[in-house]
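Undergrad: Here it is: the structure, laid out below.
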Amino acid sequence: MIQRKIRRSSQERSDLFDGLPDDILLSILCKLSSTARCPSDFISILLTCKRLNRLGLHPLVLSKSGSKAFAIGAKNWSEQAHRFMKRCVAAGSVEACFTLGMIRFYCLQNRGSGASLMAKAAIRSHAQSLYSLAVIQFNGSGGSKNSKDLRAGVALCGRAAYLGHVDAIRELGHCLQDGYGVRPNAAEGRRLLVQAAARELASVLRAVAPSALHALTWQLQNKKPQRNSNLSLLSEFGLNNLNATSMEAHPVNRFLTEWFGSFDSGSGKGMRMCSNSGCGRPETRRNEFRRCSACGAVNYCSRACQAQDWKMRHKGECSPVDPLVVDVPDPLIVHLDGDDDGVGDDRTGEAGGHGGEPVE
């Protein structure tokens, strides 16, 4: 009798997991898939047992997958990873739509399918997708120079900015200041640039150590902003040394950087990559991206990437070419049509200093 009771109690303990309703496990797995810090956090659950594998691949769980659940390296890209992302897309995951859309558009050069997937996410108010489609419209990516649709780019940027996307807010601010695809409104453009800088600063302050917060707060309270419009808004408050890399890049941007950097499988001979290390976008045709109007040595897919790269790296490297030796465009002039002249669209030079500094 005693042996039977011991055997029965041990059997009951082993069946506790099997006794949990599927609804509870689905709720836990949904939370896990949305907060996973890396793909292995989620994949390891699928390998635990048949029941977790079945529930982990439930459409409800896959639809909640967060961006980091798809943060695979370019070297680990495989047909299995592609199938998993397609399964998440079919389940309704907006992050899967955006990630796979970017990979197909730029890496696999399947422009139509990639843009369609990003549009599918954009319809559901996914800010990253809206902004990425705006960059495609501004540059005419995947088509000819005449494929640019500036008004569509501004509209997409406006929607992404409304959702709080910092790069979209900055891009829209520059468009309003320059009258690029929209009627000029310098005051509103400047307001948006201030808002973008404030949001960026807030993200930096959240990332720094608590011991540094007091010093930065004191600096903000006691430093009067300078009125020189040629200076960065962060520099106006004496915060130009803040590390901009604290704004974490989206996993798909890191994927693009690794894909084109490691495999050299870029978009073709003579194509350039965006010089912002956190972007990874390549040109889809020659001279698609704009160059720094001062040195001409760096290329950017957008004003937002230029602003990031200026703070992180290019500010200390930009060296203007002697205009008496080489014909370099005036850094105070905005050049909008340069695809076929070997220079590319140059909307990066409305600032002072070396001529390449962006007005934030």
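The values are calculated or read from the model by the stated rules, or taken from the named source; none is laboratory data. None of the values given here were measured: they were computed from a predicted structure. When we count neighbours, we look across all protein chains shown, and the Cβ atoms used for this are built from the backbone with ideal geometry, even at glycine.
Undergrad: Starting from residues that are under 17 Å from Ser132 (Cα atoms) and touching a strand residue (DSSP E or B) at 6+ places or on another chain (Cβ under 6 Å), keep the ones in region 275-298 and report whichever is surrounded by the fewest Cβ atoms within 10 Å (Cβ to Cβ).
TA: That would be Ser275.
Undergrad: Restricting attention to region 186-208, which residues are acidic (Asp, Glu) and either in contact with a Phe, Trp or Tyr (Cβ under 7 Å, 6 or more places away or on another chain) or at pLDDT 90 or above (or both)? Spell out the reasoning first.
TA: As a first pass, look at region 186-208 and keep what is acidic (Asp, Glu): 188, 200.
Within region 186-208, just Glu188 meets the criteria.
So that you can scan it fast, the table gives a plain yes or no per residue for (1) touching a Cys at 6+ places or on another chain (Cβ under 6 Å); (2) buried (at least 24 other Cβ atoms within 10 Å of the Cβ); (3) closer than 14 Å to Ser132 by Cβ:
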| residue | (1), (2), (3) |
| --- | --- |
| Ala152 | no, no, yes |
| Arg159 | no, no, yes |
| Asp167 | no, yes, yes |
| His174 | no, yes, no |
| Asp178 | no, no, no |
| Val182 | yes, no, no |
| Ala187 | no, no, no |
| Arg191 | no, no, no |
| Gln195 | no, no, no |
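Quick grid of which residues meet (1) exposed (fewer than 13 other Cβ atoms within 10 Å of the Cβ); (2) more than 26 Å from the chain's Cα centre (by Cα); (3) modelled with pLDDT of 90 or more:
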site	(1), (2), (3)
Thr48	yes, yes, no
Arg54	yes, yes, yes
His58	no, yes, yes
Leu62	no, no, yes
Ser65	no, no, yes
Ala69	no, no, yes
Ser78	yes, no, yes
Ala81	no, no, yes
Lys86	no, no, yes
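Undergrad: So Ile45 clears everything in (1) over 23 Å from Ser262 (Cβ atoms); (2) in contact with a strand residue (DSSP E or B) (Cβ under 8 Å, 6 or more places away or on another chain) except one condition, right? Which one?
TA: Every condition holds for Ile45 apart from (2).
Undergrad: Only residues in region 132-149 that are among the hydroxyl-bearing types (Ser, Thr, Tyr) count as the first member; pair them with residues that are modelled with pLDDT of 95 or more, Cβ under 7 angstrom, at least 6 apart or cross-chain, and list the lot.
TA: Ser132/Met102; Ser132/Met118
Residue-by-condition table, conditions (1) surrounded by fewer than 24 Cβ atoms within 10 Å (Cβ to Cβ); (2) at pLDDT below 95; (3) on the phi < 0 side of the Ramachandran plot; (4) assigned to a helix (DSSP H, G or I):
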site	(1), (2), (3), (4)
Ala96	no, no, yes, yes
Leu100	no, no, yes, yes
Gln109	yes, yes, no, no
Leu117	no, no, yes, yes
Lys120	yes, no, yes, yes
Tyr131	no, no, yes, yes
Ile136	no, no, yes, yes
Ser141	no, yes, yes, no
